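Nothing in this text is a laboratory measurement; each read-out follows from the coordinates by a stated rule. Just so it is clear, the structure is predicted and the values come from calculations on it, not from any experiment. Glycine also receives a Cβ, built like all others from the backbone with ideal geometry; neighbour counts cover every protein chain displayed.
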Amino acid sequence: MCSPTGRRASSTPTAARGRCGWSTRSTARRDSNRADGRGGIVGTMSPSPAVETATLADVDALLAFWAIAGENDARPSDSALVVEALLRRDPEAVLVVRSDGRIVGTVIAGWDGWRAHLYRLAVHPDHRRQGLARVLLDAAEARLRALGAGRFDAMVLEGNDLGASAWAARGYAPQPEWRRWVRSAR
């Protein structure tokens, strides 16, 4: 993975370098004649879209993207301050894919030094079913594995069928003996 300054981080394998290693050329095109009448993006992106690390300059774009593409039920509201704090603490945690300069996919690959957590896997509705979630998870898992992770966990809201099917397709499954307990920090 590259650091926000463009330097390669030594702890991340070549396969997950993002802006230091992979490139993308979108073969998608705008189509105003879709059957659903919405217009949108058709076609596919290249087999290896560029996975980059988000920077502080991306905070507003991330928040706007998650409002469109993220599953936001039963979660505290995001704020620029919280996203900025994450990026300052772990500049390589938020992985993104862009198309025409816009964020079209994200995943947060969090590492606390002991456990690996995956959050905010989201793909823009106009870019789904093109393999972006797979590419993002490849990079996220490679990053976490390089940091020492032996197991990954993903947070998926109950009732998020689209998210559940994406994680299941990747080989993730609910762990029935665990239940997440939460409490507000305020």
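What the table below lists for this structure:
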| read-out | value |
| --- | --- |
| Under 5 Å, built H, 5+ apart or other chain: amide partners of Arg120 | Ile108 |
| Net charge over other residues, Cβ less than 15 angstrom from the Cβ of Ala116 (K, R count +1; D, E count -1) | 0 |
| Between segment 79-145 and segment 147-186, the Cα center-to-center distance that results, in Å | 15 Å |
| Residue-count net charge about Val59 - beta-carbon cut-off 10 Å; Lys, Arg +1, Asp, Glu -1 | -4 |
| For Glu141, net neighbour charge (Lys/Arg +1, Asp/Glu -1) across residues whose Cβ lies under 11 Å away | +4 |
| Check: segment 118-186 dipole with +1 on Lys, Arg Cβ and -1 on Asp, Glu Cβ, in debye | 240 debye |
| Magnitude of the charge dipole, segment 67-186, Cβ model with Lys/Arg +1 and Asp/Glu -1, debye to 20 | 180 debye |
